[in-house]
Structures are given as structure tokens and as C-alpha cells.
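Reviewing the structure listed below.
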């Protein structure tokens with residue numbers, strides 16, 4: 001068998017003549033060997049059923065891309081396992097100019113990985129001009145980045161990104177916006193060298209050149225991708241040992257969840273993200289724990305995931321759909337919230353994967369979340385019937401049928417809710433449609449009562465509360481909610497640099513949402529990982545970001 005060190009060295013030297021052959025051979029190599037340890041090599045293996053469309057950070061629009069980008073690149077700021085922002089490429093930062101200017105001080109020991117795009121094929125040191133270039137590229141219309149929205153109406157119109165010197169970068173804002181720090185932790189904001197973009201042009205998606213803990217080796221689309229340890233990576237553990245601990249990563253692209261599970265069972269994958277419904281009951285009990293026959297074989301990780309599942313209710317009183325619907329009545333919306341036994345729903349429909357949403361729209365896992373300060377709706381059918389009667393519909397008599405729009409994979413959930421509401425006198429008709437059509441209808445205010453979810457883009461509750469800011473279009477304000485007091489609090493929060501005071505404003509806003517009930521919160525999500533017993537230090541986080549720097553095998 002060919003020595004893996006030879007192949008890795010071969011790639012490091014930039015030898016292109018046999019690139020395609022060796023890339024293919026390397027993929028075969030990492031797929032072989034029965035014990036999958038390659039002697040002294042520690043390779044972490046996982047699967048992406050949806051594949052990976054690009055390795056260009058400007059196109060990090062979904063989880064599969066973000067996970068790979070996170071291994072290859074760094075951002076100025078990153079998020080730790082407790083959802084707190086911490087330095088990465090930047091060592092510190094400060095707000096000035098009435099909080100409209102943020103100045104970042106960069107490390108001076110960060111090198112881009114070796115690549116043929118650089119002089120003598122050797123990676124150069126990262127400087128502030130690289131940060132300015134990376135951010136300018138995101139907002140450049142010629143890039144057509146799906147991430148350009150992160151800076152929309154937030155940065156100054158002229159020269160928002162400036163390298164003051166090699167180690168000092170400055171961003172100018174249109175108005176104070178404290179959540180900008182969370183935005184800069186997103187994978188869109190990974191720092192890239194201009195040489196790589198200029199050399200590879202449209203093929204930059206296949207030739208990543210970053211500063212991250214792992215470096216690109218090979219990618220056979222539809223088959224597998226291989227990354228190797230970046231030997232010059234700057235981070236060390238608390239004992240001074242260089243990160244990462246493992247030698248490489250292999251990503252498979254099996255498009256079948258059944259195949260993925262079989263590969264995991266046979267030890268050819270090190271972890272699985274999420275559990276397919278088709279074998280969920282085989283592994284998990286109704287309480288969401290591993291069944292007895294699995295406990296000695298694998299590890300189960302469950303942790304908060306910054307996603308809320310909910311039903312939205314159109315709140316635009318000028319819309320003809322709203323004018324002719326009983327959902328325009330607050331007490332009807334509140335009755336719906338009280339009329340669903342969400343604990344039973346989680347047990348029988350979700351195998352207890354998730355936490356019942358009995359607080360606000362902001363999910364648990366964020367620092368500002370507080371079930372004591374934001375109290376939502378719990379199951380109370382007596383209260384629900386009382387509210388119906390007060391609205392003029394005793395036992396639901398003469399109450400028109402309400403249509404609930406959902407997507408096929410949530411049809412059973414919607415049917416459960418319809419049955420629950422029928423018990424209190426509310427008749428709900430479930431209509432399942434393709435996700436694209438539902439998104440179109442909600443964007444055009446053509447959906448009165450609809451299934452929705454909101455996954456955090458960055459770790460700040462502003463990301464959730466922006467869904468109800470009246471000056472925002474749809475998306476994100478799919479309900480067309482308007483409340484003047486809410487808007488004032490939202491605008492105050494944007495410029496509040498004191499975290500505890502900002503969190504108080506967030507909680508006040510969340511209470512306004514609960515009181516007006518333009519949504520029916522269902523559950524705060526959980527990320528589920530199945531992990532092999534020999535994987536150590538696999539630390540989860542609420543963004544469900546794949547963190548492989550500190551794992552061992």
C-alpha cells in the first residue's frame with residue numbers, strides 16, 4: 001500500500017502533473033484498510049448526504065458548506081461552546097465614534113497554508129488588508145455572494161472596511177449595531193488571500209486556501225473529500241500542545257441516510273448528525289435516550305440547537321385574508337397556544353428530541369434566554385375554552401375552519417395539532433405543500449396560518465427578534481407583525497453595548513410577542529449526534545458547528 005505521508009508531501013510540494021491520479025488514489029487509500037487507523041494516522045470520518053457545493057466562504061449558505069469551511073479557515077471572532085464570542089484572528093477590539101466604528105487588532109503570527117498561488121508555493125502571513133479584501137468581496141455584486149445580506153444597511157456607504165496597517169483593521173457602521181460582532185463570527189466572514197481568488201477565479205470553490213486547523217488535499221465530487229492537519233496552525237491547548245490532534249478528515253457523500261447509518265454501525269464513520277425518522281425508534285426510547293442494546297456500542301449527544309419550530313399567524317390587519325379570519329382575534333390566537341399539549345407532542349411525535357417551547361420566540365441556548373423572565377403558554381384546555389367563549393365562540397360553535405399550511409415531513413405533527421385543537425372546539429384543516437411553495441406564499445402574505453422555523457445565523461437574540469421588526473420585509477417578518485413599542489425597544493437594543501442591559505431589552509420584546517401571539521411556539525430544537533466510543537473531546541455547541549480542532553481518536 002502507498003505510504004500516506006508520501007502522498008501528503010506530494011501535494012504540499014505543489015506537484016500538479018499527477019494531481020488527478022493521486023487525488024483519486026488518496027481517496028481510495030483513506031477508504032481502505034480494515035481497521036481504518038492507517039497505523040499511526042488518526043482520520044476523522046463523517047458523511048454529508050447533501051454533498052458540498054463549494055469551499056468558497058462567500059457561499060457558506062448551508063450547514064454542509066459551513067462545516068467544511070470551519071475546518072479550513074478562521075474568522076476575526078469565533079463562538080465558544082457556551083455561545084460566548086472570543087478572539088480568533090483578532091486579539092481584541094473596541095467601539096468608538098458613538099459605537100459606529102469597530103477597530104480590530106490582529107495576531108501577527110498567522111500564516112496562510114502553502115499553495116502554488118503564493119511566491120515559491122509558500123503561504124504568507126495574514127495581514128489586515130486580507131480582512132478588508134475578504135469583506136469587500138462579500139458585498140461585491142460580481143461575487144454574487146448569498147451572504148451579502150449580513151452587511152445590508154449596517155455598514156457605512158463609503159469605504160466601510162479599512163486596513164489601517166498590517167495588524168489593525170477597522171469597520172465603519174451606518175448606525176450603532178452591537179450584533180455586528182456575532183455576524184463577524186459567521187463562516188461568510190472567513191479570511192481569504194487575494195492571490196488564491198485571482199489564480200483560481202471561478203474554480204476557487206475547489207481550491208481553498210485558508211489559515212484553519214486543516215488544509216485541503218483532494219475532492220472527488222459525489223465520492224469523498226480529504227483534508228489534512230495544518231502543521232503550522234497557530235492554536236495550542238492549555239498545555240502548550242499544537243492543535244489539531246488528529247491527522248486528517250475524510251468526508252463521504254453517501255446520499256442515503258440508510259447507507260450512512262450502516263457505515264456508522266460498521267465503524268466506517270465516526271459520527272452521525274441527526275437521526276433519520278426511519279430508524280429513530282430503533283435507537284431511541286420515547287424519552288429520547290439510547291435503548292439498552294445500543295448503550296455499550298455508541299455515545300449519544302443531545303444539546304440545545306439554536307432553532308425554534310413554530311406556527312406563524314399573519315398579523316397584517318389590512319390583508320383581506322386577515323380581515324375575514326377568526327385569527328385576527330387575539331383571544332383565538334391565545335386559545336390555540338393554550339390548546340396544544342406540547343409535552344405529549346414531544347414524547348410521541350419527536351421521541352423527546354427538543355424542549356417544549358413554553359417561553360418566548362428566543363430559544364434556549366442563547367445567553368439572553370430566560371424562562372423566568374419570559375413566560376409563554378403551557379397546556380391549559382380549560383383556559384383555551386374560556387378564551388374561545390369570550391371571543392364569542394362557545395365550544396367553538398360557529399367558528400370557521402382554519403387552514404394550516406405545512407410541508408410533507410411535518411404533516412404528522414400538523415395532524416397531531418389539528419386533533420388537539422379539535423378537542424377544544426377549533427377545527428383545523430391541514431394542507432401539506434412543497435417547501436418552495438410555502439416559502440413563496442409566506443413571502444407574499446398569502447399564508448394565514450403556517451409552519452415555520454428559525455435557525456440562528458449568529459449567536460445573538462437580535463437575529464430572532466428581527467423577525468418581528470415592522471421595518472423588515474418578508475423574510476424575515478413573515479407574520480407582518482407591527483407593534484410600535486416593540487420597534488422602539490428593538491432600535492434601542494441595537495446600540496446597547498452592555499450585554500445585561502441589552503438582554504433585558506430582548507426579554508421585554510419577547511414578552512410583547514407572547515402577549516400578542518402572532519406565533520405558536522412549539523419546541524426549541526436539539527442537535528442529536530451519534531458518536532463512536534473511541535472519539536474523545538467531541539464538544540457540541542448550540543450552533544451545531546462541527547468542531548474538530550480538539551477532538552482525539
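The values are calculated or read from the model by the stated rules, or taken from the named source; none is laboratory data. Remember, predicted model here, so these are calculated numbers, not experimental data. Heads up, the Cβs are rebuilt from the backbone with ideal geometry, glycines too, and the neighbour counts pull from every protein chain shown.
For (1) at pLDDT below 95; (2) under 23 Å from residue 182 (Cβ atoms); (3) within 27 Å of the chain's Cα centre (by Cα), each residue gets a yes or a no:
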site	(1), (2), (3)
113	no, no, yes
132	no, yes, yes
135	no, yes, yes
140	no, yes, yes
152	yes, yes, yes
155	no, yes, yes
161	no, yes, yes
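If a residue has to be touching a helix residue (DSSP H, G or I) at 6+ places or on another chain (Cβ under 8 Å) and in a helix (DSSP H, G or I) to count, how many in region 373-408 make the cut?
Of the residues in that region, 11 qualify.
The conditions are (1) under 25 Å from residue 94 (Cβ atoms); (2) at pLDDT 95 or above; (3) in contact with a helix residue (DSSP H, G or I) (Cβ under 9 Å, 6 or more places away or on another chain), and residue 194 fails exactly one of them. Which is it?
Of the numbered conditions (1) under 25 Å from residue 94 (Cβ atoms); (2) at pLDDT 95 or above; (3) in contact with a helix residue (DSSP H, G or I) (Cβ under 9 Å, 6 or more places away or on another chain), the odd one out for residue 194 is (1).
Inspect all residues belonging to region 154-169 and state whether any of them is part of a helix (DSSP H, G or I) and closer than 24 Å to residue 114 by Cα.
Looking through region 154-169, none of the residues is part of a helix (DSSP H, G or I) and closer than 24 Å to residue 114 by Cα.
Filter region 62-96 down to the residues that are touching a strand residue (DSSP E or B) at 6+ places or on another chain (Cβ under 8 Å) and either assigned to a loop (DSSP other than H, G, I, E, B) or without any contact (Cβ under 8 Å) to a residue 12 or more places away in the chain (or both) and list them by number.
Correct list: 76, 80, 83, 86, 87, 88, 89, 94, 96.
Name the residue that is surrounded by the fewest Cβ atoms within 10 Å (Cβ to Cβ), counting only residues in region 474-512 that are modelled with pLDDT of 95 or more and in contact with a strand residue (DSSP E or B) (Cβ under 7 Å, 6 or more places away or on another chain).
479
Given the structure, is residue 183 touching a residue at least 60 places away in the same chain (Cβ under 8 Å), farther than 24 Å from residue 215 by Cβ and buried (at least 20 other Cβ atoms within 10 Å of the Cβ)?
The answer is yes for residue 183.
Do the conditions hold for residue 164, that is, is it surrounded by 21 or more Cβ atoms within 10 Å (Cβ to Cβ) and closer than 28 Å to residue 232 by Cβ?
No.
Condition test on residue 431, is it farther than 17 Å from residue 368 by Cα, touching a strand residue (DSSP E or B) at 6+ places or on another chain (Cβ under 8 Å) and in the same structural domain as residue 492 (by TED's automatic domain parsing)?
For residue 431, the condition - farther than 17 Å from residue 368 by Cα, touching a strand residue (DSSP E or B) at 6+ places or on another chain (Cβ under 8 Å) and in the same structural domain as residue 492 (by TED's automatic domain parsing) - is met.
With respect to residue 548, determine if the residue is within 27 Å of residue 283 (Cβ to Cβ), under 20 Å from the mean Cα position of the chain (by Cα), crowded, with 18+ Cβ neighbours inside 10 Å and not assigned by TED's automatic domain parsing to the domain that holds residue 44.
Criteria not met by residue 548.
Could you please find all residues in region 130-153 being assigned to a loop (DSSP other than H, G, I, E, B) and over 18 Å from residue 100 (Cβ atoms)?
140, 141, 142, 143, 144, 145, 146, 147
Kindly provide the set of residues from region 134-155 that are surrounded by fewer than 16 Cβ atoms within 10 Å (Cβ to Cβ) and in contact with a strand residue (DSSP E or B) (Cβ under 8 Å, 6 or more places away or on another chain), ordered by number.
136
Among the residues of region 467-480, is any under 26 Å from residue 83 (Cα atoms) and part of a helix (DSSP H, G or I)?
Yes, the conditions are met somewhere in region 467-480.
List the residue pairs whose Cβ atoms are under 7 Å apart, where the first residue sits in region 281-305 and is without any contact (Cβ under 8 Å) to a residue 12 or more places away in the chain, the second is assigned to a helix (DSSP H, G or I), and the two are 6 or more positions apart or on different chains.
290/283; 291/283; 294/283
Of the numbered conditions (1) touching a strand residue (DSSP E or B) at 6+ places or on another chain (Cβ under 8 Å); (2) buried (at least 19 other Cβ atoms within 10 Å of the Cβ); (3) at pLDDT 95 or above; (4) assigned by TED's automatic domain parsing to the domain that holds residue 174, residue 117 satisfies every one except a single condition; which is it?
(1)
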